[in-house]
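Note sheet for the following structure.
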Amino acid sequence: MRLRLVPKETSWDFFSRPVLWLGISGGLMVLAMISFFLQGLNFGIDFRGGTTIRTESAQEVVVADYRAAIQPLGLGDVSITEVFDPTFEDDQNVTMIRIQAQQGAESVSADVIRSVEAALKAVAPDVTFVSVESVGPKVSGELVQTAVIAVLLAMAAVLVYIWLRFEWQFALGAVTALVHDVVLTIGVFSELQIKFDLAIIAALLTIVGYSLNDTVVVFDRVRENLRKFKKLELKSVLNLSINETLSRTVMTSVTTLLALISLFVLGGDVIRGFVFAMIWGVIVGTYSSIFVASAVLLKLGVKRDWSKPSNTSGNQFANIDA
């Protein structure tokens with residue numbers, strides 16, 4: 001017997017109150033923007049600037065011990081990751097320690113570096129600092145700009161792709177859903193003040209791709225059914241299409257969430273922010289592909305006069321919809 005999260009055939013009405021769903025989404029987006037402008041984001045070292053220390057030790061690295069040794073120094077945001085490389089020797093244990101820029105300074109002072117070294121030597125007596133590099137606020141500001149441009153270009157590319165693949169109404173519906181997902185994700189990070197770094201930008205771009213994939217699956221079925229049921233009203237076509245793809249959508253989302261929740265619980269602090277963004281993105285992406293993108297398409301309407309392919313000689317592909 002096959003496991004089914006939803007019945008094989010469903011006939012749920014997803015558009016009994018389309019204005020309500022759009023209103024809820026719009027309200028959440030407004031709250032997210034208010035939180036962003038009032039609280040801002042808790043930028044990590046990537047965007048604030050700071051100092052990166054590369055350490056090496058023959059003793060096995062225990063990240064929790066390193067973190068416990070540095071924490072009493074009160075240096076704020078400190079990121080510690082172990083570096084793995086197949087070219088390393090058995091007794092070559094390398095870590096990357098990133099310390100945020102201290103207030104009033106572009107980088108961590110030499111005294112702070114010595115304090116960190118002394119604290120780590122209590123855990124690993126043979127630890128050495130292979131390199132110490134600093135990133136100033138100017139570089140961090142450029143990273144913020146580049147990150148924003150990357151997200152905007154991704155959404156612009158999606159707009160063009162959907163416009164060419166379907167129609168402009170589909171494109172606006174898809175991009176509205178993507179903006180909805182990105183804004184709500186940023187809003188959650190602002191409201192909860194979770195550390196926002198370059199890994200979260202990667203998560204945002206991944207969310208854009210995931211949400212787009214769900215939306216395109218639904219829109220493909222919508223276009224197919226629009227051709228198949230020419231006299232059926234658009235609302236009924238959308239409901240039919242979503243119900244037909246619902247099992248696939250739910251199974252994909254649930255299996256993805258199972259993997260992400262496992263990573264969130266067992267993956268450690270280093271990737272927890274990224275995984276949280278992905279979990280949230282999968283949830284809102286699944287929601288938006290059904291209740292936002294399709295609701296926008298319903299409000300905009302779509303033409304129903306696609307021509308069928310011609311089987312006569314000559315240019316037989318002239319009337320085929322791309």
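Per-structure values
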quantity	calculated
Mean separation of Cα contacts under 8 Å, 6 or more apart, over the residue count of the chain: relative contact order %	24 percent
V83 long-range amide H proximity, modeled H, under 5 Å	V94, T95, M96
Listed values (i) 120, 72, 32; (ii) 125, 60, 35; (iii) 80, 47, 43, entry calculated as Cα extents along the principal axes in Å	(iii)
Per residue solvent-accessible surface (Å²) - the range 26-100, probe of 1.4 Å	53 Å²
Under Karplus coefficients 6.51, -1.76 and 1.60, residue-wise ³J(HN,Hα) of the range 120-128 in Hz, glycine/proline x	6, 5, 5, 9, 10, x, 9, 5, 10
Percent carbon-and-sulfur accessible area, the chain, ignoring ligands, DNA and RNA, probe 1.4 Å	61 percent
Residue of A58, A177, A199 that the Gaussian network model of the chain assigns the largest fluctuation, springs spanning Cα pairs under 10 Å	A58
Separation of alpha-carbon centers, the range 157-235 and the range 23-88, rounded to whole Å	29 Å
Computed helical MRE - 222 nm, the chain, DSSP H runs ≥ 4 contributing -39500 (n - 2.57), nearest 500	-21000 deg cm²/dmol
Pairwise label distance in nanometres, T87 with A150, each label 7 Å out on the Cα-Cβ vector	2.5 nm
Tilt relative to the chain, helix 168-192 - C-alpha long axis, 0 to 90 degrees, to 10	30 degrees
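The values are calculated or read from the model by the stated rules, or taken from the named source; none is laboratory data. What you are looking at is a predicted structure, and each value in this text was computed from that prediction instead of being measured. Note: ideal-geometry Cβ built from the backbone for every residue, glycine included; neighbour counts use all protein chains shown. To get the accessible areas, we keep the full protein, side chains included, count just its heavy atoms, and leave off ligands, DNA and RNA. Shrake-Rupley method; radii C 1.70, N 1.55, O 1.52, S 1.80 Å.
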